[in-house]
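The values are calculated or read from the model by the stated rules, or taken from the named source; none is laboratory data. The structure displayed is predicted, hence computed values, not measured ones. Counting neighbours? That spans all protein chains shown, and the Cβs are built from the backbone with ideal geometry, glycine included.
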Amino acid sequence: MKRKDFLKNGLLGVGTIVAIPTVLTGCSSDDDGTTGGVTGDTSGNNSGGNSGNTSGDCELSPSETKGPFPIKTPSQLVRENIIGDRSGVAFLMTLTIQDKDNDCNPIQGAMVDVWHCDADGNYSEYGGVQMQQADYTNEHFLRGRQTTDTNGQASFISIFPGWYMGRAPHIHVEILDANGNSLRVTQIAFPKDICDTVYATSGYHGTADTANETDNVFSDSLDDNMADSITGNTTDGYTLTKVITV
């Protein structure tokens, strides 16, 4: 299946996830010649920072905090479809991992952990505390691990992240080597216009209260945190690409 048809074929109705394949490789022979990522429905919103590739400047991705809701048992969450029982606008991310010390060549066999909040701003594996009253300590939605392919890519099927008080919308990412040693922890930021469009749909709770520029994580590194590209719309879903340098 071509990537541009992937999300659309998994949807029925506006932004409602019905059935999405559980297997998605970082690169397939029927891609439309797109390098280092997925291609969404270009008739929708398109935004982001510099286009993602492994050429040109090669700077380490910003090192950011894991907290406050890191994955507790990542080895048990080896999966591409991380949706669980959550609902929201369909979302597909493809991350390309490259090695600064090796001429920024892609890294094969790296482990990629991702986690983010749901449409209501809540994380699985946590809760019942002041920062998150909803108790999801026994749930594991919107968390997962994949191993990079020969192109240094790993893909995840999810929903568009929500937001919670005091933070701009974001996704957490940790890159580890084959032995489980952490190489880099970073976060991915989202363009405001796309977030505003998604958060106006049913199931999300309005505009985020914190802008990227005033976010305590992104304020000093926003250009490097920003997704390389996001394409799509609220009907067919969105796809994100990001090159992460370790």
Would you mention how many residues in the range 190-226 are touching a Gly at 6+ places or on another chain (Cβ under 9 Å) and crowded, with 22+ Cβ neighbours inside 10 Å? 6
Within the range 211-244, take every residue that is among the hydrophobic types (A, V, I, L, M, F, W, C) and either part of a loop (DSSP other than H, G, I, E, B) or without any contact (Cβ under 8 Å) to a residue 24 or more places away in the chain (or both) and give me the one that is nearest to M93 (Cα to Cα). A227
Only residues that are surrounded by fewer than 23 Cβ atoms within 10 Å (Cβ to Cβ), in contact (Cβ under 8 Å) with a residue 12 or more places away in the chain and not acidic (D, E): list them for the range 122-137, please. N122, Y126, M131, Q132, A134, Y136, T137
D149 vs. criteria among the acidic types (D, E) and either within 11 Å of the chain's Cα centre (by Cα) or closer than 24 Å to C195 by Cβ (or both): no
The conditions are (1) surrounded by fewer than 21 Cβ atoms within 10 Å (Cβ to Cβ); (2) in contact with a strand residue (DSSP E or B) (Cβ under 7 Å, 6 or more places away or on another chain), and A119 fails exactly one of them. Which is it? (1)
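Do we find a residue being among the hydroxyl-bearing types (S, T, Y), under 20 Å from I244 (Cβ atoms) and surrounded by fewer than 23 Cβ atoms within 10 Å (Cβ to Cβ) anywhere in the range 164-177? So that I can check it myself, show each step before the final result.
Initially, the range 164-177 is screened for residues among the hydroxyl-bearing types (S, T, Y), giving 164.
With under 20 Å from I244 (Cβ atoms) added as a condition, the list becomes none.
The answer is no, given that none of the residues of the range 164-177 is among the hydroxyl-bearing types (S, T, Y), under 20 Å from I244 (Cβ atoms) and surrounded by fewer than 23 Cβ atoms within 10 Å (Cβ to Cβ).
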Counted residues, the range 75-118 - those being modelled with pLDDT under 95 and closer than 24 Å to C195 by Cα: 0
Picked from the range 123-142 (must be at positive phi and over 20 Å from the mean Cα position of the chain (by Cα)), the residue modelled with the highest pLDDT is G127
Candidates Q146, Q187, Q153, filtered to the one that is farther than 25 Å from L222 by Cα, touching a residue at least 12 places away in the same chain (Cβ under 8 Å) and surrounded by 18 or more Cβ atoms within 10 Å (Cβ to Cβ): Q146
